[in-house]
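The values are calculated or read from the model by the stated rules, or taken from the named source; none is laboratory data. No experiment lies behind these values; they were computed from the predicted model shown. Cβ: placed from backbone, ideal geometry, glycine included. Neighbour counts: every protein chain shown. For accessibility, only protein heavy atoms count, side chains too; no ligands or nucleic acids. Shrake-Rupley method; radii C 1.70, N 1.55, O 1.52, S 1.80 Å.
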Amino acid sequence: MLRIETYSLGPLQTNAYLLRGEDEGRAIIIDPGMNPAPLLRKIEGLDIEAILLTHAHFDHIGGVEEIRQAKKCPVYIHPIESDWLTTPKLNGSLMWPEVGPPISTSAAEYDLAEAQKLHFLGHDFTVYHTPGHSPGSVSFLCGNDLFSGDVLFRLGVGRTDLPGGREVDLYNSIRGKLFNLSDEVKVYPGHGPRTTIGYERANNPYVS
């Protein structure tokens with residue numbers, strides 16, 4: 001049984017996910033965003049096995065370096081966006097100076113690829129390359145839990161007007177990959193509330 005906790009971090013209320021399995025002392029984190037103090041307090045006594053990134057926009061990576069330094073854990077990202085971690089111009093943190101300072105991190109330790117299988121916390125995670133919001137966006141499926149980043153939201157989809165975004169790719173990712181999953185799959189997006197594949201397939205006005 002996977003235990004999932006959500007932390008809405010930073011000025012853009014980005015969802016960071018803390019995942020734990022049967023061993024309560026071990027965890028992984030998906031998308032540690034800006035101003036990660038609440039998450040850092042929660043993981044103080046935990047062994048963090050990895051940080052998984054759905055993509056490298058600044059609001060999803062703002063807490064990466066603090067957590068990696070505190071927990072000595074590796075970072076995983078799609079190689080298309082590996083340079084975004086180290087380059088504020090690419091990750092977008094220079095575009096909105098009123099939101100926060102430029103963000104950069106050290107390079108990721110591991111690349112992600114389509115159909116790759118990861119094993120953490122006694123569970124298997126399948127990587128789906130789901131570009132469109134950004135070219136290196138990925139989604140992670142563990143059992144019936146899908147972490148979709150900024151690709152699919154409850155009754156919404158990710159924006160495609162940022163550098164590297166492409167509308168046709170976004171809809172191909174959703175219709176061609178995510179909507180092939182079963183109705184019961186729970187979707188944990190990068191912003192906003194949880195939903196399900198079945199609900200979005202039936203009701204999402206952007207991809208119905």
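Taking each residue as 0.36 nm, the span from Leu155 to Glu44 lengthens on full extension beyond its C-alpha to C-alpha distance by 36.4 nm. Beta bridges per DSSP, both residues in the stretch 87-208: antiparallel share near 80 percent. Computed over the stretch 79-208, the alpha-carbon pair-distance distribution with 10 angstrom bins reads 13, 40, 34, 13, 0, each value a whole percent.
Taking Cα centre as origin and charging only the Cβ of basic (Lys, Arg, +1) and acidic (Asp, Glu, -1) residues, the dipole magnitude of the stretch 42-82 rounds to 80 debye. Solvent-accessible area per residue in the chain equals 43 Å², computed with a 1.4 angstrom probe and all protein chains kept. Close amide H partners of Ser93, meaning residues 5 or more places away or on another chain with modelled amide H under 5 Å apart, are Phe58, Ile103. Other residues lying with their Cβ under 10 Å from the Cβ of Asp145 contribute a combined charge of +2, Lys and Arg counting +1, Asp and Glu -1.
Going by average Cβ density within 10 Å per residue, which order do the peptides 34-41, 139-146 take, highest to lowest? Present the calculation step by step, with values, prior to reporting the outcome.
Numbers: 34-41: 15.9, 139-146: 19.5.
Ranking the peptides 34-41, 139-146 by packing returns 139-146, 34-41.
By accessible area, using a 1.4 Å probe on protein heavy atoms only, the chain has 50% of its surface on carbon and sulfur. Working note: Karplus 6.51/-1.76/1.60 with θ = phi - 60° gives the stretch 104-110 the couplings 8, 10, 5, 5, 6, 7, 9 Hz, where Gly and Pro are set to x. Taking every DSSP beta bridge that has both ends in the chain, the antiparallel portion is near 65%.
Taking the Cα centre of the stretch 62-208 as reference, the dipole from Cβ charges on Lys and Arg (+1) and Asp and Glu (-1) amounts to some 200 debye.
One decimal place: the segment Asn172-His119 gains 16.4 nm when fully extended, by the rule 0.36 nm per residue minus the C-alpha distance. In this simple spin-label approximation, Arg3 and Leu94 carry label points 7 Å from Cα along the Cα→Cβ vector, and these lie 4.3 nm apart.
Pull up the DSSP beta bridges for the stretch 1-118 and report the antiparallel fraction as a percent, rounded to 5.
Values: 11 of 20 bridges.
Among the beta bridges of the stretch 1-118, antiparallel pairing accounts for roughly 55 percent.
If you average the alpha carbon positions of the stretch 157-189 and of the stretch 117-143, how far apart do those two centres end up, in angstrom? Value for the Cα centre distance between the two parts: 13 Å.
Which is farthest toward the positive dipole end of the stretch 65-128 among Ser82, Leu121, Pro101, measuring Cα position about the Cα centre, with Cβ charges +1 (Lys, Arg) and -1 (Asp, Glu)? Farthest towards the positive end: Leu121.
3J(HN,Hα) along the stretch 193-208: x, 5, 8, 9, 4, x, 5, 6, 4, 8, 10, 5, x, 8, 9, 6 Hz, from the Karplus curve 6.51 cos²θ - 1.76 cosθ + 1.60 with θ = phi - 60°, whole Hz, x for Gly and Pro.
3J(HN,Hα) couplings calculated from phi for the stretch 34-47 with the Karplus curve 6.51 cos²θ - 1.76 cosθ + 1.60 (θ = phi - 60°) are, in sequence order, 6, 6, x, 3, x, 6, 4, 5, 5, 8, 3, x, 9, 8 Hz; Gly and Pro show x.
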